[in-house]
Amino acid sequence: QVQLVESGGGLVQAGGSLRLSCAASGRTFGTYSMGWFRQAPGKEREFVAGISRSGGSTYYADSVKGRFTISRGNAKNTVFLQMNSLKPEDTAVYYCAAGSTGLRIWVLDAYDHWGQGTQVTVSS
């Protein structure tokens, strides 16, 4: 089992940056692929970025490619999402997720554990 706690959300102007953090409990963090998803009001939860167990492979939604960077620190059980050049359409609740299969990490169903979410609001 792993518990996930996100932090770092907030209000930022368009063009600004935020860094989200996700702290994971448990000793098996390195066995999970990790992902970030987001959900805007009235919309379905969507994939943002994912990272493999070792951190050697990363995946991004086309809408954030080149602006967001996912990384992980297995020694500290933490995964990060650096968000640059933010746009109003990035406004959403952002969720951290952990997946035990390590497969298809761009798919919501690949994840077993979810954080409570952190709000990101980008003003125009």
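The values are calculated or read from the model by the stated rules, or taken from the named source; none is laboratory data. Keep in mind that this is a model prediction, so the values were computed, not measured. Here the Cβ is made from the backbone with ideal geometry for all residues, glycine too, and neighbour counts use every protein chain on show. Just the protein is used for accessible areas: all its heavy atoms, side chains included, with ligands, DNA and RNA removed. Shrake-Rupley method; radii C 1.70, N 1.55, O 1.52, S 1.80 Å.
General remarks:
- Largest mean-square fluctuation among Lys65, Lys87, Lys43, in a Gaussian network model of the chain whose springs join Cα atoms under 10 Å apart, belongs to Lys43.
- Placing a label point 7 Å from the Cα of Gln3 along the Cα-to-Cβ line, the residues of region 22-43 whose backbone N sits under 12 Å from it are 24-26.
- Ratio of the Cα radius of gyration of the chain to 2.2 N^0.38 Å, where N counts its residues: 0.97
- A crude spin-label estimate for the pair Trp106 and Gln119, with each label 7 Å from Cα along the Cβ direction, gives 3.1 nm.
- Antiparallel bridge percentage (DSSP; both residues within the chain; nearest 5): 90
- Within the same chain, lysines fewer than 8 places from Lys43 are excluded, and of the rest, those with a Cα less than 29 Å from its Cα are Lys65, Lys87.
- Alpha-carbon centroid distance for the pair region 85-107 / region 59-76, whole angstrom: 9
- Extension gain for Ser85-Thr28 works out to 17.2 nm (0.36 nm per residue, less the C-alpha to C-alpha distance).
- Whole-percent carbon and sulfur share, accessible surface of region 63-124, 1.4 Å: 52
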